[in-house]
1. Can you figure out the FRET efficiency of Ser241 with Thr187, using R₀ = 35 Å and their beta-carbon distance, to the nearest 0.05?
2. Greater than 23 Å separation of Cα atoms is the criterion. Which listed pairs, Lys8/Lys206; Lys211/Lys273; Lys206/Lys323; Lys211/Lys261; Lys208/Lys270; Lys8/Lys270, meet it?
3. By how many degrees, 0 to 90 and rounded to 10, does the Cα axis of helix 161-179 deviate from the longest principal axis of the chain?
4. In segment 253-322, which trypsin sites (Lys or Arg not before Pro) are in a loop and have at most 15 other Cβ atoms within 10 Å, using DSSP for the loop call?
5. Could you compute how fast the chain diffuses translationally, taking Rh as the Kirkwood radius over C-alpha pairs and applying Stokes-Einstein at 25 °C with viscosity 0.890 mPa s? Give it in µm² per second.
6. How high is the relative contact order of the chain, given as a whole-number percent (alpha carbon pairs under 8 Å, six or more residues apart)?
7. Mean residue ellipticity at 222 nm from the helices of the chain, using -39,500 (n - 2.57) per DSSP H segment of n ≥ 4 over the full residue count, to the nearest 500 deg cm²/dmol?
8. Could you estimate the translational diffusion coefficient of segment 94-246 from the Stokes-Einstein equation, with Rh from the Kirkwood formula over C-alpha pairs, at 25 °C and 0.890 mPa s, in whole µm²/s?
Amino acid sequence: MKPMFHNKKFLLAIVLMFNISFGVTLTTSLFSLYLDKVGISLAGIGLIFAIGALIASIVRLIVGACTDHMGRKKFIIVGAIGYVVFIISIIFSQTTSQFATVNLLAELSGALFWTATNAYFFDILRRGKEGIEMGTRNTALYASSALAPLIGGLVVKNFGFNFLFIASGLIVFAGLLLALTLKETITKTSRVGLREFEKEYRDIFKIKGFKTVTSIIFISNFIWTFWYIYMPIYLSNLGMSIDKIGLILTVMLGAGAVLQKPMGRLIDSKPAKYILIPGFFLIWLGGFFFFAFKNFASYMIGRAILGVGVDASYWPAIGVCAKLTKKRSHGGSWALMTTGAAIAYGIAALAGGFLTQAFGIAHVLMGASAVALIVAILIIPNKFLAKKGTSKYGKHQFVHLQNHRHK
């Protein structure tokens, strides 16, 4: 049996992502609650999240292609620096426009860091093992994200938000130091311009099934955004303490962490359709259970079920993409996927702010979950998703393999 961490690059990538994810999530998991606490309206909160996501979605396209031509490391480092500045800047922000600016910095930093880091990770995946190795990555990320809300809630309850932001910034700074030790995975190309970018993205869009999986990612992220931003505010408005809200988020992410490796094996062995349909169904079921009994246990169990559903409606599509794209296109393909996800996030955040203010958070969350049930039904006749993903290149991809050499 081959070891889980088959080389130093793989281990370093896992540790780096764990560190940055944990440090940033300490802040972001409770950010909407902080905005509500300092008096920002629901519409204002939606606007704050939407502006950054929509602008960063365009930047991701540029960054994705740039990482494929200029290397990954420099973008990882700049993104980590941006995250540190974002976290500390929250302390000095007071108005909606100021918070929108710092959240824009967070989204731009994420566009740089995660586009380059995931391209780096795609580079070192072993062919035929994409699902299980992504499962290992996701387990680490979910474990870090699961710890963050619980610890963050306890820190805020005992020491306040400013202490949390300082601690979060220091942890991300430690990740920045780790990023400096990365070794580049690709060589630079001689030319980088709009023509090269356009050609890369045109080739990616020619990959059979790529548009299908990006559509799935868009829909999954659209539904998830409503719950990510507005559920903590809903529970806070009911009078639930911030540490209990953190616990609910931790249980939800913890369930996702436990299931990542089994899900990775399923992604490698089963057609995506057989995971996606139950995933969207679980989003609906989790939302139904969340509001069924209206007590702490139902909130926790319902949110955990919904979280598992979100994972199952998202990662199989990512796995298919990893199998379909070649190494030199990993930055561009990841950028296209996350651009679609970011646009979905921005639209849902903006719409959610006005909808929750007009109709109430509960009705909006229930409506978002109901959309998932409709999507599950629509996926049933899809033939492409009924096929197991392939790691072979399409004919159009072979043209560029000779011209894009890498280590």
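1. Efficiency, rounded to the nearest 0.05: 0.10.
2. Those over the limit are Lys8/Lys206; Lys211/Lys261; Lys8/Lys270.
3. It is inclined by approximately 10 degrees.
4. When the trypsin sites (Lys or Arg not before Pro) of segment 253-322 are filtered for loop state and at most 15 Cβ neighbours within 10 Å, Lys294 remain.
5. 115
6. Reported as a whole number, the value is 28 percent.
7. The helix-only estimate for the chain comes to -27500 deg cm²/dmol at 222 nm.
8. Stokes-Einstein gives a translational diffusion coefficient of 126 µm²/s.
The values are calculated or read from the model by the stated rules, or taken from the named source; none is laboratory data. On a predicted model such as this, the values are computed, not experimentally measured, just so you know. Cβ atoms come from the backbone with ideal geometry, glycine included; neighbour counts cover every protein chain shown. Accessible surface areas use protein heavy atoms only, side chains included; no ligands, DNA or RNA. Shrake-Rupley method; radii C 1.70, N 1.55, O 1.52, S 1.80 Å.
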